[in-house]
Amino acid sequence: MPTPSISLGVSSPHVIDMAAAYATFAANGIYATPFLIKEVLGSNKGVLYEGKIQAQQVFQPDVMADLTYALAQGTKSGTGVAAASGVRRPIAGKTGTTTDNASAWFNGYTPEFATTVTMFMDNATQSLNGIGGNFAFTGGSFPAQVWNTYTKLAQKGMPATQFPEPAYVGGADPVSYLEAVPTLDPELAGKYESGATKKKKLAARQ
């Protein structure tokens, strides 16, 4: 049975793809096709080329409100706390670290804009461990710190706005992870049960 394993990072997206994805979250589900060149001016200052914003609603705003609420928690008490220090405005984001710490990411956004920071060697296979004194080079280290410094400078003097309140789509009651993903094979999920859960089930059978 197929499972959504891509959510664990087996894909290899480009940096601009990740930035566009998180920008969609920040825009409450409106995706805008990214472009690198805003405009090209001729020698007489006439506009030879102008990038056009092409946007469409791809996620419902209430779903995005819940996603933002979830991603904001990791910047308050999770691996992304370094991104939030001194920003003085709401932020949401996610750290990412690949196998053997060969690349490290922080994707984050405020209500105004999104930024992606990633670090890796030329071929993205060599470990970053040890760089800058980091025994374990993760997305919560330099990438989150760079994001933090950039965001504070980029939004200096701008009024702070708030994220939408969570909509709690589907309710606010806890859901068993066995039922959270419809395509998850229960037999496969059982392989990842904690030791405590396995002991409880074993005790119940005896």
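Points worth noting:
- Spin-label pair residue 77/residue 45, simplified geometry with 7 Å Cα→Cβ offset, distance in nm: 5.6 nm
- Trypsin sites (Lys or Arg not before Pro) restricted to DSSP loop in the stretch 59-140 with at most 15 other C-beta within 10 Å: 76, 88
- Each residue, residue 173 and residue 134, gets one label point 7 Å from its Cα in the Cβ direction; the gap between the two is 4.2 nm.
- Ranking 28, 47, 57 by Cα position along the charge dipole of the stretch 21-87, where only Lys, Arg, Asp and Glu carry charges on their C-beta atoms, puts 47 farthest toward the positive end.
- Ranked by how many other beta carbons lie within 10 Å on average, peptides 148-158, 41-51 from highest: 148-158, 41-51
- Qualifying chymotrypsin sites (Phe, Trp or Tyr not before Pro) in the stretch 60-131, where qualification requires a DSSP coil assignment and no more than 16 other C-beta atoms within 10 Å, comprise 113.
No lab work stands behind these numbers, since they all come straight from the coordinates. What you see is a predicted model, and the numbers here were worked out from it, not measured in a lab. So basically every Cβ, Gly included, is an ideal-geometry build from the backbone, and we count neighbours across all protein chains shown.
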